[in-house]
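**Q** Got a structure here, written out as structure tokens. Questions coming.
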Amino acid sequence: MLKLKNVRQCFMPDSLQEAVDILRDSQGKAAIVGGGLDITVFPRPYIEKLIFLDKLHLNYIKEKNSEIRVGATVTITDMERSLLIKNYLRGRVKEILGEVASQLLRNQITIGGSIARGHPYSDIIPLVYALRGRIVLSDGKDDEELLIDDFYRENFRELLKNKIVTEIRLKKYDDSYRFGMKRFVRNATDIPLLNVALLIKVEKNIIKDASISLGSRPGIAYRFIKGEEFLKGKKITKELAEDFQEFTEENVDVGGDARLSKTYRKHLAGVYSKNILLNLMEV
Amino acid sequence: MKEFKYIGKNTDKRDALSLATGQPMFVDDISLPNMLQVKFLYSTYAHAIIEDIDTTEAENYPGVKMVLTYKNTPHIIHTTAGQGWPEPSPYDTYMFNKKVRFVGDRVAAVAAETEEEAAEAIKLIKVKYRVLPAVLDMKDAMKEGAPIIHDEEEIKGAYDPKHNLAAHIFVKAGDIEKGFKESDVIVEETFETQYAQHCPIEPHITITYLDEYGRIVIRTSTQVPFHVRRIVAQALNIPVQKIRVIKPRIGGGFGTKQEIILEEVCAYITMKTGRPARALFSREEEFISSRTRHPMQVNVKIGAKKDGTFNAIKMYVLSNTGAYGTHGLTVASNAGSKTLPLYNKAPNVEFTADVVYTNLPVSGAYRGYGATQGYAALEQAVDEVAYKLKMDPLKIRKKNHIRSGETSPIFRALGEGREGVTQYIQSCALDELIDKGAKEIGWFDKFGKPKRKGNKVRGVGMSIHMQGSGIPLIDMGAATLKMNEDGSFNLTYGGTDLGTGLDTVAAQIVAETLGIKPEQVIVYASDTDLTPFDVGAYASSGTFVSGGAVLNAAMKVREQIFDVAKEMFGEFDTKNFVLENGKVISKATGKSVTLSEIAYHTLYVKNQHQIAATGSFVSPYSPPPFAAHFVEIEVDEETGIITPIKYVAAVDCGVPINPELVRGQIIGAIVNGLGYALTEEYKFTDSGRMVNPNFMEYKIPSARDIPEIVTIINETYEPTGPYGAKSVAEININGPIPAIGNALYNALGIRLHQTPYTPERVLEAIEAKKLLDKGKVSEPIDPEQE
Amino acid sequence: MKVHYTINGEKKIFEIKPGEVLLDVLRRNGYSEVKGNCYMGTCGACTVLIDGVPHTSCTILAAKVDNKSITTIKGVGTLQHPHPLQKAFVEKGAVQCGFCTPGAILSAYALLKENPNPTDEEIKKALDGNVCRCTGYVQQVEAVKFSIKLLKEEK
């Protein structure tokens, strides 16, 4: 049955300029469609125009300036199967991408759409957060590059009223970096109910730098800066992991909802933080 | 045992290739011209009186043909339970009513030209509710002063509606108190099971239309076509002969389609407008407004002698039937009748059940039918007795379970809404099932020795089960078999294949009996105009009851064929005749004639007549299938996550007529049961609204969630079933909760009394035990190999 | 608005509403082999291949796939000429009610094109969006493996 009743027009623009123009002119009544999962599952009744990105050639994954550049319409499956991702951070990113939702949905969910919609129960957002990803926005003429933190710190929905997410940039990390991520799900194809992503730089067993993000908490993912500070400069040991569990449990900002209680989410955040760290010790 | 040609063989499921190539076989795969689309308005309150309902705007909305409410529809009290007549469920439901009793209760329906128009018009119906206090916890239902949910005068068949008691059961054998007094150990445990849903991938769907004579044709996704016909006739006050019900292929049922939910509404619209009507539940409607599994609180008390022999078993069931009493009495009966006879060594048995109304979704029939909830409690309590006596759980079960030649007083005491029928077990392989299952899971290496790796601990658990095969002296099926020129046969029967493969089994039975190939049997089923009666697909009756009818019809046809052959051969008796490879052969004279020749002879040549017969089947027996389930799980102590590693089901279903189909029934039920044990549950707001009515939030297992599953089919011969067969469809859903519960105890010494076993609940139990255990050392039990 | 599809090799032009999803367009135009109505991408019964990639057609906007090629189960094989996957599903007992079967086979079909020798885990992953309430998946996985054998024999 038709859910998007008020949609009157579909656009398949050939250029970013055209896309942005339509978006801007429709004053909040147009939706940018990447894969289209969000708009079909959670239809917004006020939407009258759909702007498809299919002809904008944003379906690429390439390497440039020591970065992996992921076009906005790349799907999770595309990214999971990309050779550039295969050995990226020892294959851990590929592994996580393969766990998200179901094959059918991984084939539809786009990286750009995940970032632009900003859903709380996204796996992509905490992943990009932890990897210190940068979001490229286009206003049709010029590109603007924002660190993911800045993108969400600003009112990103306001930002996207006249700009389009075109690319996600991920740094190529050298071997001193280690990455791990854990997700809590009720069954294999579930939306995540808590996810923790952790990137650390380790030199001579000392954590030189750390980037941590938690998502599905149940709010939108955030960067756990206190946790990062806690780890920095410390020697990576089993004891540290245990201390880190306690620290996370005490300091992490997570809440409860109908799916999981706050107490349990806090506990999980601690356990996952510890276990990721323990796994990263063995690298 | 006799060697069979088609019985016990994997002939291909006859509809499988058509289904796998997408042929239009389901209810919704046809589209009729001028078909009206039907949408419903549901109550947003758990309990309220509709003071007024204004449908003017909706009626004036473009495309709207009809708006149905309690004001303009037949007001005939009935039950939606698709059971045999007289239904053991109370008459407490109207097509539409002035009172609404749960969030999701039907308030109105709109029939319009398009689905979109119907949905828009629904929004324009104005309802003025007078909200009443609601019962949102089954434990409050019988309390003094609780709101009365069914205060209608016409209610019939409910036990004590003034106290929200839809049904009450009390049966006993022996002297229960004396039994406990004379026991050496006593265990008492209470377990609570949750609201869960069948989740057939095809939701409820009905299409109705008038045939060229003005009769109403109901094409519907149902397990009970003949009950649909009878109950729609009743609810609309029209004669049965005005209605034809057709069941095409249906996309799964599991009990939820043993209900009359959409049929009477569509039929009424078609009757009033003369136009075809279609109603299809969305997934959300399927959750909130179709049927669910009765949540139950089950208390089990077992008294045992030192040697492990049970002396007394007492079970109390509090069952939540939701807003209406459909299947309330019988599901609660089965919680006892399908479980207690398993331990017939206990001379003192008592079973009590209170089935209460609440202002929550309506419970109904669901695979396992109360036995699942009963076993969740009983089989964990049995383990507790074993632990108390420091006995191997296998040994205590072997000591107490029922055996061939034995009976239980419960069989007679507790039937389906009436007294039951005495049963003597004629086939039972439980000992072998336990031995084979134990070997496969590695019981003797693993039980009592939980294996720890980091924070993950592995444990094993098991449980044993029985069910029934149809309802004795109640369930009847009939089949008609008719011969064609090429020696093929038309089988028309009322049996209702809901995806299980019953039509295939039926063809195998005919083929075996008449010495032809299964492909030579043309099966047409479940059409109330064209096929004989059958109660339908429930109570594990398919192979036993419908299959029994098919066998009877085939035996009659066989006699008719032999009579013709006798004449053609010029012989005097048929006792040396055999039917093989499409021929009748006289072993005495070596003469033979093909079935095709016989058909031509009888249709065209001499003494012309149609070789055909109808056979019926009703049985005083309901032979129980048996099963022993074993599971190895891994529990993450830090998160409480349970991961099933390996699941073993050893099953005695008599002769498996089609082993591959039997295996499919076993595995399908186990995986459904795993969902019920681990993830599936309705969540409600404080006002009784379900918050997770979709697959994003109600988690059923996916392909990535299943453990290694091993099925062991242990053949026995059941003399009362067709070709030695018993049932298999339901029994295997009963295992996952108790087997996993027992494995959890084995791994960590914790027992959860509420399902599903979510990580949060498991973790809570782990933490609680840690506090309790400080300094305590538990003594392990050694498994005893026999 | 009008869309051009190539469905199972045949060129088609359909009139659609701009906000419609592919499932509704396909069923309205007689492709009743495409099942499902969860409209959330959560059951997989409505699976079709779009340019060879399996998708839940209930979450794909019909306008978005203009000029693309769509494969339903009838494009994989027919009653007269079934594909080895279809034969394998029949032989291995992987079809019970059959409502999810077309979707599961399409997902498996796409998997085998990409990865002709998948492991059990890879098969389960490819089928994880096609929910089946009848079979418990075991026989489906066995069927996919068996079809590999049949495919090799056919060559």
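The values are calculated or read from the model by the stated rules, or taken from the named source; none is laboratory data. Remember, predicted model here, so these are calculated numbers, not experimental data. Using ideal geometry, Cβ is built from the backbone for each residue, glycine included, and neighbour counts are taken over all protein chains shown.
**Q** Using the structure shown, decide if B:Leu342 is in a helix (DSSP H, G or I) and under 25 Å from B:Val185 (Cβ atoms).
**A** Judged against the criteria, B:Leu342 is a match.
**Q** When the residues of the range B:704-721 are filtered to those that are within 24 Å of B:Gln194 (Cβ to Cβ) and in contact with a Lys or Arg (Cβ under 6 Å, 6 or more places away or on another chain), which remaining residue is farthest from the other protein chains (Cβ to nearest Cβ)?
**A** B:Pro707
**Q** Let me ask another. Assess whether B:Ala429 counts as being farther than 30 Å from B:Thr93 by Cα, crowded, with 19+ Cβ neighbours inside 10 Å, among the hydrophobic types (A, V, I, L, M, F, W, C) and over 24 Å from the mean Cα position of the chain (by Cα).
**A** The answer is no for B:Ala429.
**Q** Contact list please: Cβ distance under 7 Å, first residue in the range C:69-81 and at the interface with chain B (Cβ under 9 Å from one of its Cβ atoms), second residue small (Gly, Ala, Ser) and outside any loop (DSSP other than H, G, I, E, B), pairs at least six apart or on different chains.
**A** Close Cβ pairs (under 7 Å, with a partner that is small (Gly, Ala, Ser) and outside any loop (DSSP other than H, G, I, E, B)) amount to C:Leu79/B:Ser18.
**Q** Restricting the first residue to the range B:354-382 and requiring it to be within 14 Å of B:Ile302 (Cα to Cα), which pairs with a second residue that is aromatic (Phe, Trp, Tyr) meet a Cβ separation below 7 Å and a spacing of at least six or different chains?
**A** So the pair list comes out as B:Ala377/B:Phe191; B:Gln380/B:Phe191.
**Q** Right, something else. Have a look at B:Asp28, B:Asp52 and point out the one that is touching a strand residue (DSSP E or B) at 6+ places or on another chain (Cβ under 8 Å), assigned to a strand (DSSP E or B) and surrounded by fewer than 22 Cβ atoms within 10 Å (Cβ to Cβ).
**A** The match here is B:Asp52.
**Q** Quick one: would you say B:Asn732 is within 22 Å of C:Val131 (Cβ to Cβ), crowded, with 22+ Cβ neighbours inside 10 Å and within 11 Å of another protein chain (Cβ to nearest Cβ)?
**A** It is true that B:Asn732 is within 22 Å of C:Val131 (Cβ to Cβ), crowded, with 22+ Cβ neighbours inside 10 Å and within 11 Å of another protein chain (Cβ to nearest Cβ).
**Q** Got at least one residue in the range C:99-110 being outside any helix (DSSP H, G or I) and facing another protein chain (nearest Cβ under 10 Å)?
**A** Yes; the residues of the range C:99-110 include at least one that is outside any helix (DSSP H, G or I) and facing another protein chain (nearest Cβ under 10 Å).
**Q** Moving on. May I ask you to list the residues in the range B:413-430 that are at pLDDT 95 or above and either of a type in the set (A, V, I, L, M, F, W, C) or touching a strand residue (DSSP E or B) at 6+ places or on another chain (Cβ under 9 Å) (or both)?
**A** Within the range B:413-430, B:Ile425, B:Ser427, B:Cys428, B:Ala429, B:Leu430 qualify.
**Q** May I pose another question? Can you confirm whether the range B:559-568 contains a residue that is in contact (Cβ under 8 Å) with a residue 24 or more places away in the chain, buried (at least 18 other Cβ atoms within 10 Å of the Cβ), touching a Leu at 6+ places or on another chain (Cβ under 8 Å) and hydrophobic (A, V, I, L, M, F, W, C)?
**A** Yes, the range B:559-568 has at least one match.
**Q** Only one of B:Asn97, B:Asn164 is surrounded by 19 or more Cβ atoms within 10 Å (Cβ to Cβ), out of contact with any helix residue (DSSP H, G or I) (no Cβ under 6 Å at 6 or more places or on another chain) and without any contact (Cβ under 8 Å) to a residue 60 or more places away in the chain. Can you tell me which?
**A** B:Asn97
**Q** Another one. Out of the residues in the range A:60-81 meeting the condition of being in contact with a Leu (Cβ under 7 Å, 6 or more places away or on another chain) and assigned to a loop (DSSP other than H, G, I, E, B), tell me which one is nearest to A:Ile109 (Cα to Cα).
**A** The extreme case among them is A:Thr73.
**Q** Looking at B:Tyr6, is it over 14 Å from B:Ile122 (Cα atoms) and hydroxyl-bearing (Ser, Thr, Tyr)?
**A** Yes; evaluated as a whole, the condition is true for this residue.
**Q** Moving on. Being out of contact with any Ser or Thr (no Cβ under 8 Å at 6 or more places or on another chain), within 12 Å of chain C (Cβ to nearest Cβ) and touching a residue at least 24 places away in the same chain (Cβ under 8 Å): is that true of B:Ile700 here?
**A** So B:Ile700 does not fit the description; no.
**Q** Collect the residues in the range A:154-200 that are over 30 Å from B:Tyr698 (Cβ atoms), among the acidic types (Asp, Glu) and either out of contact with any strand residue (DSSP E or B) (no Cβ under 7 Å at 6 or more places or on another chain) or within 14 Å of chain B (Cβ to nearest Cβ) (or both), keeping them in residue-number order.
**A** A:Glu154, A:Glu158, A:Asp174, A:Asp175 - these are the residues of the range A:154-200 that are over 30 Å from B:Tyr698 (Cβ atoms), among the acidic types (Asp, Glu) and either out of contact with any strand residue (DSSP E or B) (no Cβ under 7 Å at 6 or more places or on another chain) or within 14 Å of chain B (Cβ to nearest Cβ) (or both).
**Q** Being buried (at least 24 other Cβ atoms within 10 Å of the Cβ), within 27 Å of B:Val217 (Cα to Cα) and β-branched (Val, Ile, Thr) is the filter here, so list the residues in the range B:505-522 that pass it.
**A** B:Val521
**Q** So is B:Val228 outside the structural domain of B:Ala365 (by TED's automatic domain parsing), touching a Gly at 6+ places or on another chain (Cβ under 7 Å) and in contact (Cβ under 8 Å) with a residue 12 or more places away in the chain or not?
**A** Yes; evaluated as a whole, the condition is true for this residue.
**Q** Still on this structure, please answer the following. Could you figure out which of (1) in contact with a Cys (Cβ under 8 Å, 6 or more places away or on another chain); (2) buried (at least 22 other Cβ atoms within 10 Å of the Cβ) isn't true of B:Ile737?
**A** Unmet for B:Ile737, out of (1) in contact with a Cys (Cβ under 8 Å, 6 or more places away or on another chain); (2) buried (at least 22 other Cβ atoms within 10 Å of the Cβ): (1).
**Q** On the given criteria, is B:Gly308 in a loop (DSSP other than H, G, I, E, B) and either among the acidic types (Asp, Glu) or within 24 Å of B:Met95 (Cβ to Cβ) (or both)?
**A** For B:Gly308, the condition - in a loop (DSSP other than H, G, I, E, B) and either among the acidic types (Asp, Glu) or within 24 Å of B:Met95 (Cβ to Cβ) (or both) - is not met.
**Q** Now for a separate question. Tally the residues that are buried (at least 18 other Cβ atoms within 10 Å of the Cβ), assigned to a helix (DSSP H, G or I) and touching a residue at least 60 places away in the same chain (Cβ under 8 Å), restricting the search to the range A:24-59.
**A** Going through the range A:24-59 one residue at a time, the tally reaches 3.
**Q** Of everything in the range B:246-263, what is within 15 Å of the chain's Cα centre (by Cα) and charged (D, E, K, R)? Give them in sequence order.
**A** B:Lys257, B:Glu259
**Q** Going by the structure shown, is B:Pro276 surrounded by fewer than 24 Cβ atoms within 10 Å (Cβ to Cβ) and more than 14 Å from chain C (Cβ to nearest Cβ)?
**A** So B:Pro276 fits the description; yes.
**Q** Read through the list (1) assigned to a loop (DSSP other than H, G, I, E, B); (2) in contact with a strand residue (DSSP E or B) (Cβ under 7 Å, 6 or more places away or on another chain); (3) away from chain C (no Cβ under 14 Å); (4) not aliphatic (A, V, I, L, M), then give the number of the only condition that B:Asp475 fails.
**A** Among (1) assigned to a loop (DSSP other than H, G, I, E, B); (2) in contact with a strand residue (DSSP E or B) (Cβ under 7 Å, 6 or more places away or on another chain); (3) away from chain C (no Cβ under 14 Å); (4) not aliphatic (A, V, I, L, M), the lone unmet condition for B:Asp475 is (2).
**Q** Let me confirm something: among B:Ala119, B:Ala158, B:Ala109, B:Ala134, which residue is closer than 21 Å to B:Ala335 by Cβ, at pLDDT 95 or above and surrounded by 17 or more Cβ atoms within 10 Å (Cβ to Cβ)?
**A** Going through B:Ala119, B:Ala158, B:Ala109, B:Ala134 in turn, the sole match is B:Ala158.
**Q** Let me ask another. Output the helices (runs of 4 or more DSSP H) that fall wholly within the range A:176-283 and possess 2 or more residues being of a type in the set (A, V, I, L, M, F, W, C), farther than 19 Å from A:Ile148 by Cβ and in contact (Cβ under 8 Å) with a residue 40 or more places away in the chain, or say none.
**A** Hits in the range A:176-283: A:262-281.
**Q** Hey, does the range A:86-103 have a residue that's polar (S, T, N, Q) and surrounded by fewer than 22 Cβ atoms within 10 Å (Cβ to Cβ)?
**A** yes
**Q** Residues to consider are B:Ile238, B:Ile231, B:Ile207, B:Ile218; find the one that is assigned to a strand (DSSP E or B), away from every other protein chain (no Cβ under 14 Å) and modelled with pLDDT of 95 or more.
**A** B:Ile218
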